[in-house]
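Participant: Please read through the structure below; I'll follow up with questions.
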Amino acid sequence: PDASSLGFYPKDYDMCPQHKEKLKLFCEDDQELICLICRDSNKHKNHRVYPINEAARYYKHELALMVESLKKKHVHHQIIKANYEENLTQLMDEVSLTEQRIGRVFVHLHEYLRLEEENIMQELHNDAWQHFTVLEEIIMQLAFESTSISDTIQSVSEDLTQEDAIIFLMVRIRMAISDPKDVSVKIDGAKYKFLMLYNSWKKMVNEIGFNTASLSLDSDSAHWNLLIFNNMTSVTYSHNLKKPPSKTSRFSVYPFVLAKQGFSSGVHYWEVFVGCKADWVLGVTKQSVQRKAPISLAPQDGLWTLEKKGRHYVANSVPHVVIFSGFKPKKIGVYLDYEAGQVSFYNADKMNLMYTFKDTFTETLHPLFSPGMNFTPLRILHVNP
């Protein structure tokens, strides 16, 4: 059936409204149906004009291609949607598991702290009881001596009436009485106000199973323009250093230095004071990293690093991720979970996550530091309890 019989269009839908001629052509330039007279008019002069059936076949083909493209986009959107839904489910599961873990940890910590409180209180009471016993013994001794002194006073008062000088002096010699000692018994304030609480805190950190890494810089790995000082915990760039002997362990291209400590298992955390430095690089690197030739700072070369370049923070992933942030952290925290394949960087001033790398580690990892090519130092902060 034609369109007019279906009631969609008027009966003369295929007629030119201007010339009342059959519409037989399609003007590509004006995107409209025209008749033969329209084609010869000035309006459509030199335009690209095609027979209607040919134009219809062309646009049907174009439309079919568009439909195929839309189908592919639809499938792609469905896949992306499914990925996000899976991500949402995983996130909800992760939140639930994390909530449970936090709950278990705090239940354990509450019980641990309760027992620690009981132990400290018991030790305080034991110390106090020992002091009480000493004081009671002293008080009893003083009471006995006080009674003895009262008796002596009465006896001496009677002896004062003795008129025989020899007898009086003999009695006087036997009257020697020692003075009581002034004894001060106190609780060890430092022990209970600080030392035992500090010890409990250290044990609590161990209860959590969290290792705050105590790091020192490895001078044998340091680029020759780096000066290490402050008990091997600070590093700065300098142009005035004498070039040290070449070593296979020394970085010769980039101003890098590694920590002496390496990790092949476990969870570790350390903090670095960066202050207001404009440039620095922090992270971890595999022990076998290339030290004598140019490399990227990315995981494919065995480095998982966060870098500051001027006002921007850049995670050296593939591709690089620029971290836009209104804050300027003075301290950067680095968290390494070896088994989970995770390296995370935090604004340690507020404990806000900046970026996380996920990977698989197969060899020992060393903390990496670079103060950039400026003279303000980086400083490792020892956060061990």
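The values are calculated or read from the model by the stated rules, or taken from the named source; none is laboratory data. Quick caveat: nothing in here was measured; it's all calculated off a predicted structure. Here the Cβ is made from the backbone with ideal geometry for all residues, glycine too, and neighbour counts use every protein chain on show.
Participant: In the stretch 336-385, what residues are of a type in the set (S, T, Y), under 12 Å from G283 (Cβ atoms) and modelled with pLDDT of 95 or more?
Facilitator: Listed by number, the list holds a single entry, S370.
Participant: From V281, V253, V289, V267, which residue is in the same structural domain as P329 (by TED's automatic domain parsing) and under 23 Å from K330 (Cα atoms)? Can you show your working first?
Facilitator: Values: V253 fails: under 23 Å from K330 (Cα atoms); V289 fails: under 23 Å from K330 (Cα atoms); V267 fails: under 23 Å from K330 (Cα atoms).
After applying the criteria, what remains is V281.
Participant: Looking at V318, V281, can you tell me which residue is assigned to a strand (DSSP E or B), within 24 Å of Y338 (Cα to Cα), out of contact with any Leu (no Cβ under 6 Å at 6 or more places or on another chain) and β-branched (V, I, T)? Outline the logic, then answer.
Facilitator: Working: V318 fails: assigned to a strand (DSSP E or B).
Going through V318, V281 in turn, just one is assigned to a strand (DSSP E or B), within 24 Å of Y338 (Cα to Cα), out of contact with any Leu (no Cβ under 6 Å at 6 or more places or on another chain) and β-branched (V, I, T): V281.
Condition check ((1) surrounded by 19 or more Cβ atoms within 10 Å (Cβ to Cβ); (2) within 25 Å of D220 (Cα to Cα); (3) among the aliphatic types (A, V, I, L, M)) across all residues:
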{"residue": "W280", "(1), (2), (3)": "yes, yes, no"}
{"residue": "P294", "(1), (2), (3)": "no, yes, no"}
{"residue": "G310", "(1), (2), (3)": "no, no, no"}
{"residue": "F324", "(1), (2), (3)": "no, no, no"}
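Participant: Does any residue of the stretch 221-238 turn out to be under 30 Å from V281 (Cβ atoms), outside the structural domain of F369 (by TED's automatic domain parsing) and not charged (D, E, K, R)? First the steps, then the outcome.
Facilitator: Keep residues of the stretch 221-238 that are under 30 Å from V281 (Cβ atoms), which gives 221-238.
Remaining after also requiring outside the structural domain of F369 (by TED's automatic domain parsing): none.
No: zero hits.
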